[in-house]
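For reference, the structure discussed in these notes is given below.
Each value in this text was obtained by applying a stated rule to the coordinates, not by laboratory testing. The structure displayed is predicted, hence computed values, not measured ones. All Cβ positions, glycine included, derive from the backbone under ideal geometry; neighbour counts span all protein chains shown.
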Amino acid sequence: MGANTTISWTKRTWNPWRGCTKISPGCKNCYMFAAQLRYGNEPHTVVRTRTWNDPLRWQRQAAYQGKWEFVFTCSWSDWFHEAADEWRGEAWQIIRRCPNLIFQILTKRPERIADHLPDDWGEGYANVWLGTSIELNEYVWRADVLRKIPAVIRFISAEPLLGPLTDLDLEGIHWLIVGGESGARYRPMKLAWVRELRDRALAQEVAFFFKQSAGRRPETGTLLDGRHWRQYPRRVSSVPVVSVGKGPR
Ligand code: SF4
């Protein structure tokens, strides 16, 4: 998938590889599996796609327009999946060439991040946000691993939220996204769990984004206590934008 997306917290998706293996309860109803089966693809096999040059094209367009754009990276896989180890270095190089794109990399394998960053990562690429998914209290350790990784923005996606995350430590986290599961087999989410996370995020000045309630259709039930919560980390306004005089090609 390489075009605009309906995921409300991003603009585009980029999948240099697709396919994945389920790793925790949040994966149970992973939309990628059903979608790939519909397309006649084997979802358990991780394969390269033909979208590798898409970000370079988006970069030219964004630079021409003097703006930046979000790119959710690996919506149909996991950026840090072991099956992609041989390709990831090449993908980091593409990211480095696209300063006007902010790559939002979300993983359920944060324990693999430290050993699979590029050599020049330093304190983190200016255009990469690193995130991890947490669906239940027993996986809050993923945030503990993530907070030790240098990154300009660290974020948590609590989607699908399957229980209260009372043990989640938001120290060192800049952005918290919360959402219920969608699809025919959606599992319920209590708004009390969401409120508790919202209140702690606000108290700790962590940007809070409520994506959706649990339900059959995605991006429905987006109000919480009568309003939308669609905050982004403050540092988003300090992202450097590169402008060029040439038109997009
Ligand atoms: S890690 Fe993500 S892409 Fe992979 S199976 Fe789980 S939900 Fe699906």
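List of remarks:
- Single condition Gln59 does not satisfy, out of (1) of a type in the set (S, T, N, Q); (2) part of a helix (DSSP H, G or I); (3) closer than 19 Å to Gly183 by Cβ: (3)
- Only one of the numbered conditions (1) out of contact with any Asp or Glu (no Cβ under 9 Å at 6 or more places or on another chain); (2) assigned to a helix (DSSP H, G or I); (3) within 16 Å of the ligand (Cβ to nearest atom) is violated by Ala84, and that is (1).
- The stretch 10-52, residues that are touching a residue at least 24 places away in the same chain (Cβ under 8 Å), basic (Lys, Arg) and away from the ligand (no atom under 12 Å from the Cβ): Lys11, Arg12, Arg48
- Which numbered condition Gln61 fails, given (1) closer than 25 Å to Trp92 by Cα; (2) touching a strand residue (DSSP E or B) at 6+ places or on another chain (Cβ under 7 Å): (2)
- In the stretch 62-76, of all residues being assigned to a loop (DSSP other than H, G, I, E, B) and at negative phi, the one that is surrounded by the fewest Cβ atoms within 10 Å (Cβ to Cβ) corresponds to Lys67.
- Every residue from the stretch 156-177 that is within 12 Å of Asn137 (Cα to Cα) and under 17 Å from the mean Cα position of the chain (by Cα): Ala158, Leu161
- Matching residues in the stretch 9-54 - criterion: being among the basic types (Lys, Arg) and part of a loop (DSSP other than H, G, I, E, B): Lys11, Lys22, Lys28, Arg50
- Verdict on Arg109 being within 12 Å of the ligand (Cβ to nearest atom) and either out of contact with any strand residue (DSSP E or B) (no Cβ under 6 Å at 6 or more places or on another chain) or on the phi > 0 side of the Ramachandran plot (or both): yes
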